[in-house]
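What follows is a set of notes on a single structure, which appears directly below.
The values are calculated or read from the model by the stated rules, or taken from the named source; none is laboratory data. Since the structure is predicted, the reported quantities are computational estimates derived from the model, not experimental observations. Positions of Cβ are generated from backbone atoms using ideal geometry, with glycine treated the same way; all protein chains shown enter the neighbour counts. All accessible areas refer to the heavy atoms of the entire protein, side chains included, with ligands and DNA or RNA removed. Shrake-Rupley method; radii C 1.70, N 1.55, O 1.52, S 1.80 Å.
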Amino acid sequence: MNSAYTARLEVDYKKKLPAGSLILVSTHLERVSGRKVWMTAQVSNGQGQVFATARALFVAPRMP
């Protein structure tokens, strides 16, 4: 799969992120089913403090 469209995106904001902060964005591929891809993500400081979490569904376009 080379490209996909965002079909759904949910973001839960946990804490305020101070300006100028160094952050770590971690992603995880949950599953792939046909043209659908489900993923999760987390924004943290890399030391356990989580600022946001997200879940997304991406759908690849149909190939002609």
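Here are some notes:
- Computed about the Cα centre, the dipole magnitude for the chain is approximately 160 debye when only Lys and Arg (+1) and Asp and Glu (-1) carry charge, each at its Cβ.
- Applying the Karplus relation 6.51 cos²θ - 1.76 cosθ + 1.60 with θ = phi - 60° to segment 22-35 yields 3J(HN,Hα) values of 8, 10, 10, 10, 10, 10, 9, 7, 7, 6, 10, 9, x, 8 Hz, where x marks Gly and Pro.
- Kirkwood-based Rg to Rh ratio, the chain, C-alpha trace: 1.09
- Take every pair of alpha-carbon atoms less than 8 Å apart whose residues are at least six positions apart; their mean separation over the length of the chain yields a relative contact order of 43 percent.
- The phi torsions of segment 49-64, fed into the Karplus equation with coefficients 6.51, -1.76 and 1.60 and a -60° offset, translate into couplings of 8, 9, 9, 7, 10, 8, 10, 9, 10, 10, 10, 6, x, 5, 8, x Hz, rounded to whole numbers, with Gly and Pro shown as x.
- Using the Karplus relation 6.51 cos²θ - 1.76 cosθ + 1.60 with θ = phi - 60°, the per-residue 3J(HN,Hα) values for segment 5-15 come to 9, 6, 8, 8, 9, 10, 10, 10, 8, 9, 9 Hz, with x marking Gly and Pro.
- The lysines within cross-link reach of Lys36, meaning a Cα-to-Cα straight distance under 29 Å and a gap of 8 or more places when in the same chain, are Lys14.
- Gaussian network model of the chain, Cα within-10 Å springs - most flexible of Ala52, Ala41, Ala19: Ala19
- Neighbours of Met39 by Cβ distance under 13 Å: Lys/Arg scored +1, Asp/Glu scored -1, total +2.
- Per residue, the chain exposes an accessible area of 82 Å² to a 1.4 Å probe, with every protein chain left in place.
- Only protein heavy atoms count here; on that basis, with a 1.4 Å probe, Val25 has an accessible area of about 90 Å².
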